[in-house]
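What follows is a set of notes on a single structure, which appears directly below.
The values are calculated or read from the model by the stated rules, or taken from the named source; none is laboratory data. The structure displayed is predicted, hence computed values, not measured ones. Quick reminder, even Gly has a Cβ in these numbers, built from the backbone with ideal geometry, and neighbours come from all protein chains shown. Accessible surface is based on the protein model in full, side chains and every heavy atom, while ligands, DNA and RNA are left aside. Shrake-Rupley method; radii C 1.70, N 1.55, O 1.52, S 1.80 Å.
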Amino acid sequence: MSVNGSKAFARGLTTLAVLVVGAWVLGSLLQATLPNYFTGILTFVAINSVLALSWNLVSGFTGQFSLGHAGFMAVGGYTSAILMVRLKLPFVVSFVSGGIFAGVLGFLVGFPSLRLAGDYLAIVTLGFQYIMLAVLNNTTDLTGGGLGMAGVPFRTYLPVASLTLVCTLWLLSNVVHSKQGRCFVAVKEDDIAAQSVGINTTYYKVLAFIISSFFAGLGGALLGHFTMYLHPDIFNYLKSIESVSMVILGGLGSLTGSIVGAICITLVPEVFRNLATLASRIGLTEAGDFLRRGWMVFYALLFLIMMLARPKGLMGGRELTWAGLRSLAGGFAGGKGGRQWPSSK
Amino acid sequence: MKEFTQQLLNGLAIGSVYALVAVGYTLVFGVLRFINFAHGSVLTFAAYVSLFGMLALKLPFAVAFGGSLVVSGLFSIMVERQAYRPLRLQGAPNLNLLITSIGVSLLVENAIIVFYSADFFVFPKVLSSSTISLGGVATIPPVDLLLTGVAITLMVLLYVFVNYTKMGVAIQALAYDRDAAALMGININLAIAYTFFIAGTMASAAGVLIGMKFNVNPYLGGLFGVKSFAAAVVGGIGSIPGSYLGGYLIGILETMGAGYVSSNYKDAIAFVLLVLILLFKPSGLLGRGLQEKV
């Protein structure tokens, strides 16, 4: 490793340490001060952000459409819960094992299907999810089958969730900016051209898929340890669509965009629920009922309007960076540093 | 032997449904090259249209059925006009079309839940529920007979349309090469509208008939749609006979698997078959290899 390389490595580690400590301290502070309702929402935002980031890597950066991420979440969630409950393993071990097992399954699913051209991956991963649900529903001794698995230990405190989110973001942003990440983008832009300059497209597609399913597994494990209950139906088609919609809203190929999207999508049902309660309270019972049932229509419309009017999402493949924020603030203040934000793509 | 024949007949009936829906996926994939996830929801939509026709408008079954074929065909065209055509004209990547079609399917399902009901409906009784005995070998419920009959009639009609009419040949040309077809003076938008109409009608027939066989609920199209897509891929997407073959293959294997192995894994059989076929013959049983263009 060259001097420059080791310097950059040390700087990277420092950044990670600062982020980890910051996330833990901030998470603990919020957990201690905010009411349960808000910490719950914040935890969901963190879990959903991990999921959105994982889906973004495989679809936003590598251009492979996956519709089975709920399947990988289920694998991660159940593995972690079973290891902890049955084998009494410590949380950290079972949590990471959940991710690793999901990654292994990601390899088994991705390896055959990623050699194919076109959108076949979408349908194979969707199929994988249905196979997964059938397995979970029928291995009653291990997973509780259709009755679900209650009594998963509660471990997803806000600090844990925010720490996982920060680490995921840090790792994925390093992956994306590495040589491998450039190859992912090359595969997405034009896989025939990528192949002709010597990039092993299948290798990178499978690699992206494995990394993505690993993080989806972690997200699933977080979810299981948060709700303390797992059921095959939690991980259905709609759950996969949820991560898709978060990324679409935030912007395909933008890591910070995924988090923005996750925040919005997590808040939509909450906003509607509160509006509905408010409407019922002031006497508009019918409007309240409609809002309670109608948020999914709003959600679907949001999906369509986004795709037709702004297919690149809110962030459009750009990242939210400190430098960008600073120049944005400068722009508002009309100061010297006020340049167009963001200055480049 | 008796049980085997019985399972085979059941498989043929359910396979007819898969084949009818699969051919819609193949047609749309052929002309636009994307997986139309909204196709399954046309099936749900059609079941509700005929249900509405019979319950609220008190129409006789034949009129409600025929009406739902036309309405769903037009609905399918409308989806193409409003959602896919703008993207197609922008030259958006196929991924965007795919995501849009997911949005359409979400919209249809949830609009039904919000404006109609999330309840399961039992279809009004049209046919007698007593089964017809086939010479002691097997029995068949009348609804299965109707299902298979309608499916085969529609398949034959489609075969004639695609091969012996001017518009059918135009659609084939479009599937072969859209730009070249446009240069030859084919009205692309009209041909695509025809394709969507046919796909919608066939899905509609499937929807009404499985609504009669089981029940009508907002999620009817979900699993049926996905399995039918698997059928289209197994048979070779882009090949019309291939999607019939795939549909019947998956229908028969599924009922056989449920009957002889375990009914718990019934829903997984189609996807296991899909992965196996993709491993050994990626273009499907009757499909031609997709030529990638540089």
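As a fraction of the 1.4 Å probe accessible area of the stretch B:25-97, surface on carbon and sulfur atoms comes out at 71 percent. Net charge of the neighbourhood of A:ALA216, taken over other residues with C-beta under 13 Å away and scored Lys/Arg +1, Asp/Glu -1, is 0.
Comparing the full protein assembly with the isolated chain, the residues of the stretch A:253-302 losing at least 20 square angstrom of accessible surface (1.4 Å probe) are A:PHE290, A:ARG293, A:MET296, A:VAL297, A:ALA300.
In terms of accessible area, using a 1.4 Å probe and ignoring ligands and nucleic acids, A:ASP190, B:ASP144 rank largest first as A:ASP190, B:ASP144.
Solvent-accessible area per residue in the stretch A:125-268 equals 35 Å², computed with a 1.4 angstrom probe and all protein chains kept. For the stretch A:281-323, with all protein chains in place and a probe radius of 1.4 Å, 67% of the accessible heavy-atom surface sits on carbon or sulfur.
Contact order for the stretch B:1-137, expressed relative to its length and based on alpha carbon pairs under 8 Å spaced 6+ residues apart, stands at 30 percent.
Given R₀ = 60 Å, what would the calculated FRET efficiency be for A:ALA287 paired with B:THR5, taking r from the Cβ atoms and rounding to 0.05? Before the final figure, lay out each step's value.
Working: r = 57 Å, r/R0 = 0.95.
The value I calculate is 0.60.
Taken per residue, the accessible surface of chain B reaches 42 Å², heavy atoms only and a 1.4 Å probe.
Averaged over peptide A:54-66, the number of partner chain Cβ atoms lying within 10 Å of each residue's Cβ comes to 1. Can you work out the base-10 log of I(q)/I(0) for the stretch B:74-221 at q = 0.10, 0.14, 0.15 1/Å, using the Debye formula on its C-alpha atoms alone? Those come out to -0.52, -0.89, -0.97, one per q. Taking each DSSP H run with n ≥ 4 as -39500 (n - 2.57) and averaging over every residue of chain B yields -24000 deg cm²/dmol at 222 nm.
Grab the other residues whose beta carbon is less than 12 angstrom from that of A:ALA74, score K and R as +1, D and E as -1, and report the net. Could the numbers behind the result be given before it?
Working: positive: A:LYS239; negative: A:ASP233.
Value of the local net charge: 0.
Carbon and sulfur atoms: what percent of the 1.4 Å accessible area of the stretch A:90-226 do they account for?
On the way: 3590 of 5310 Å².
That fraction is 68 percent.
Counting only other residues whose beta carbon sits under 9 Å from that of A:TYR130, what net charge do I get with K and R as +1, D and E as -1? Display every interim value, and only then the final one.
Working: positive: B:LYS227; negative: B:ASP267.
Net charge in that neighbourhood comes out at 0.
At a probe radius of 1.4 angstrom, the accessible area of the stretch A:1-104 per residue rounds to 45 square angstrom.
Okay, helix-only estimate at 222 nm for chain A: each DSSP H run of n ≥ 4 adds -39500 (n - 2.57), divide by all residues, round to 500 deg cm²/dmol; what do you get?
Rounded to the nearest 500, the figure is -25000 deg cm²/dmol.
When chain B is treated as a Gaussian network with alpha carbon springs shorter than 10 Å, the biggest mean-square fluctuation among B:GLY185, B:GLY221, B:GLY246 belongs to B:GLY185. Which of the three applies to the stretch A:208-339, rounded, prolate or oblate, going by the alpha-carbon gyration tensor with a ≥ b ≥ c and a/c under 1.5 meaning rounded? It is oblate, given that a/c is not under 1.5 and a/b is not larger than b/c. Size of the protein assembly as shown: Rg and Dmax of its alpha carbons, in Å, are 25.7, 92. Accessible area ranking (1.4 Å probe, heavy atoms, ligands and nucleic acids excluded), largest first, for A:GLU319, B:GLU254: A:GLU319, B:GLU254. Counting only Cα atoms, the stretch A:185-277 measures 58, 26, 20 Å along its principal axes, largest extent leading.
Students often get this wrong, so check it: of A:LYS7/A:LYS205; A:LYS7/A:LYS179; B:LYS227/B:LYS281; B:LYS213/B:LYS266; A:LYS205/B:LYS266, which have C-alpha atoms separated by over 21 Å?
Values: A:LYS7/A:LYS205 31 Å; A:LYS7/A:LYS179 18 Å; B:LYS227/B:LYS281 18 Å; B:LYS213/B:LYS266 18 Å; A:LYS205/B:LYS266 31 Å.
Violating the 21 Å limit, Cα to Cα: A:LYS7/A:LYS205; A:LYS205/B:LYS266.
Treating the angle as unsigned and between 0 and 90°, give the value, to the nearest 10°, between the Cα long axis of helix B:266-280 and the longest Cα principal axis of chain B. Roughly 40 degrees, rounded to the nearest 10. Per residue of peptide B:266-274, the mean number of Cβ atoms on other chains within 10 Å of the residue Cβ is 5. Only protein heavy atoms count here; on that basis, with a 1.4 Å probe, A:CYS167 has an accessible area of about 40 Å². Here the relative contact order of chain A, from alpha carbon pairs under 8 Å that lie six or more residues apart, stands at 25 percent. Could you sort the residues of the stretch A:171-197 by number and keep only those whose accessible area is reduced by 20 Å² or more in the all-protein-chain setting relative to the chain alone, 1.4 Å probe? Relative to the lone chain, where solvent access is computed with a 1.4 Å probe, the stretch A:171-197 loses at least 20 Å² at A:ILE192. Relative contact order (percent) for the stretch A:93-233, with alpha-carbon contacts under 8 angstrom and 6 or more residues of separation? It rounds to 48 percent for the stretch A:93-233. Residues in the stretch B:172-177 carry Karplus couplings, in order, of 4, 4, 4, 5, 6, 7 Hz; the curve used is 6.51 cos²θ - 1.76 cosθ + 1.60 with θ = phi - 60°, and Gly or Pro positions show x. Sorted on the mean count of surrounding Cβ atoms within 10 Å across their residues, most packed first, peptides B:160-171, A:133-144, B:37-48 read B:37-48, A:133-144, B:160-171. Residues of the stretch B:68-111 that lose at least 50 Å² of accessible area (1.4 Å probe, protein heavy atoms only) when the other protein chains are present, relative to their chain alone, are B:LEU95, B:ILE99, B:ILE102, B:LEU106, B:LEU107, B:ASN110. Spin-label point model (7 Å from Cα, Cβ direction): what's the A:LEU30 to A:SER173 distance in nm? Simple spin-label model gives 1.6 nm for this pair.
Along each principal axis, taking the top coordinate minus the bottom one, the Cα set of chain A gives 56, 52, 41 Å in descending order. Peptides A:192-201, A:70-79, ordered by how many other C-beta atoms sit within 10 Å of their residues on average, highest first, read A:70-79, A:192-201. Dipole magnitude for chain A: about 900 debye, using +1 per Lys or Arg Cβ and -1 per Asp or Glu Cβ, origin at the Cα centre.
Panel values: the stretch B:139-248, Kirkwood radius from alpha carbon pairs, Stokes-Einstein at 20 °C and 1.002 mPa s, translational diffusion coefficient 139 µm²/s. Using a 1.4 Å probe over protein heavy atoms, the accessible area lost on pairing A with B, summed over both chains, comes to approximately 3700 Å². Modelled spin labels at A:ILE192 and A:SER6, positioned 7 Å past Cα toward Cβ, are 4.8 nm from each other.
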